[in-house]
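Report on one structure; see the data block that follows.
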Amino acid sequence: MRNMQFNTIALSLPLVLALAACGDSPTNEAQPAAAKAEIHADSGEIVMTEDQIRSAGIQIGRPLIGGAGTIELPATIDGDPQGTQVVSAAIGGRVVSLTRNLGQSVGRGQTLAVIESREAASLNAEIEAAQARLGLANSTLAREQRLFAQRVSPEQDLIAARTAAAEARIALRLAQGQMTAAGRGGGSFNRVSVTAPLSGQVIGRSIVLGQTVAADAELFRVADLSTISLSLNLQPQDAGRVRPGANVTVEAPGRRGSARISFVSPALDANTRLVPAIATLENRDGQWRVGEAVTASVSLSGDGGNGAIRVPLTAVQTYEGKSVLFVRSATGFRAMPVAIGDTSGDSVMIRSGLKGNEQIATVNSFTLKAELGKGEASHED
């Protein structure tokens, strides 16, 4: 492939008229001007006046220095795994009451549903029986203590009474513990309550009123959405440059937020061959929704550091297969080949070809590329 060549484009109207006026001159007198154009071809110079630059709508700016490189990729909003819990019933039965629906808020310990169950009746009966046995054992112990003090009963009867009372207390605690595990406060002898294990919102409900549910079946899913997660999938070559704590800019139509990388998987996903990563995102105002697709710009480490050079995407043009910037010169602009890096939003990193203190065409640089193409075609003719 032939090397890139650049022509000097003289856009000055007086010069064009002057050349036209010389049409009657001998052919050998036009040769010096053509020779001069050839001399400037390799420099990629485009001659423009200040008025011509303004008329073309070309804006000039300087590159941005500093900041780490970034990658932009799609992501999905998920509930925080540490702030999401499945709620199930410890015993099976029939749903007789539902107090919360999807999307509603709930406090920790508040009732979500009430289940009517034979097992609940058995557990309550066991508690009452244990309470009765404990009462009897305590009465027997008190009597034996009096009799022993009066030297009427032997000490072994007192010891037996104490043992019986201790066993009755243990049996009562066991029955109460089983009832607590199943749920309490159902409002009836054969009912138990299903309560929220944490404060948050109901994001899942798999039961309806009157339904019979089995023990340990999922009934609700409750999530604390004040902090949510961002699920990302990184290319293996990028994963090594993403560290826990790295900044992530999250964008969706009409919204923008900041998150931080909390986890980067040490293994590739077997199906996608990508590296899963998770970022933590504050959501106290509730502007982000679980399951929503967003765009994430992830900061990379080891990619130029504070000396990185970035320019607007609109400043970069492709000419003859190479990326170029148009740098301001004394007579107009000069096309500068550059090597580009990662993009971040509306900017791109420049890996080489630019010092960072130049003035470059940032808006409407495509007009300069067009003029350069015209000059190249004219030079070939």
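The values are calculated or read from the model by the stated rules, or taken from the named source; none is laboratory data. Everything numeric here is computed off the predicted structure, so don't read it as measured data. Because the Cβ atoms are built from the backbone with ideal geometry, glycine has one as well, and the counts that use them run over all protein chains shown.
Quick notes
- Count - residues of segment 211-229 that are part of a strand (DSSP E or B) and closer than 30 Å to residue 292 by Cβ: 9
- Filter result for residue 99 (under 30 Å from residue 240 (Cα atoms) and hydroxyl-bearing (Ser, Thr, Tyr)): no
- Residue satisfying all of: in segment 273-285; farther than 12 Å from residue 232 by Cα and without any contact (Cβ under 8 Å) to a residue 60 or more places away in the chain; surrounded by the most Cβ atoms within 10 Å (Cβ to Cβ) among these: 283
- Every listed requirement among (1) within 44 Å of the chain's Cα centre (by Cα); (2) not assigned by TED's automatic domain parsing to the domain that holds residue 262 is met by residue 134 save one, (1).
- In segment 269-294, residue farthest from residue 259 (Cα to Cα) [restricted to those that are charged (D, E, K, R) and in a loop (DSSP other than H, G, I, E, B)]: 273
- Against the test of being touching a strand residue (DSSP E or B) at 6+ places or on another chain (Cβ under 9 Å) and crowded, with 17+ Cβ neighbours inside 10 Å, the options 209, 234 yield a single qualifying residue, 234.
- Pairs, first without any contact (Cβ under 8 Å) to a residue 60 or more places away in the chain in segment 125-147, second hydroxyl-bearing (Ser, Thr, Tyr), C-beta under 8 Å, six or more apart: 144/153; 147/153
- Selection status of residue 239, over 30 Å from residue 91 (Cα atoms), surrounded by fewer than 17 Cβ atoms within 10 Å (Cβ to Cβ) and out of contact with any helix residue (DSSP H, G or I) (no Cβ under 8 Å at 6 or more places or on another chain): no
- Considering segment 99-127, and only residues there that are surrounded by fewer than 13 Cβ atoms within 10 Å (Cβ to Cβ) and charged (D, E, K, R), the residue that is farthest from residue 175 (Cα to Cα) turns out to be 108.
- A residue that is in contact (Cβ under 8 Å) with a residue 24 or more places away in the chain, assigned by TED's automatic domain parsing to the domain that holds residue 369 and out of contact with any Asp or Glu (no Cβ under 9 Å at 6 or more places or on another chain) can be found somewhere in segment 326-334.
- A count restricted to segment 245-258 and to residues that are of a type outside the set (S, T, N, Q) and either more than 22 Å from residue 301 (Cβ to Cβ) or touching a Ser or Thr at 6+ places or on another chain (Cβ under 6 Å) (or both) stands at 7.
- Test for residue 86: is it under 31 Å from the mean Cα position of the chain (by Cα), more than 25 Å from residue 342 (Cβ to Cβ) and buried (at least 20 other Cβ atoms within 10 Å of the Cβ): no
- Only a single item in (1) surrounded by fewer than 21 Cβ atoms within 10 Å (Cβ to Cβ); (2) modelled with pLDDT of 90 or more; (3) not assigned by TED's automatic domain parsing to the domain that holds residue 56 is not met by residue 339, and it is number (3).
- Of residues in segment 41-99 being in a loop (DSSP other than H, G, I, E, B) and charged (D, E, K, R), the one modelled with the lowest pLDDT: 42
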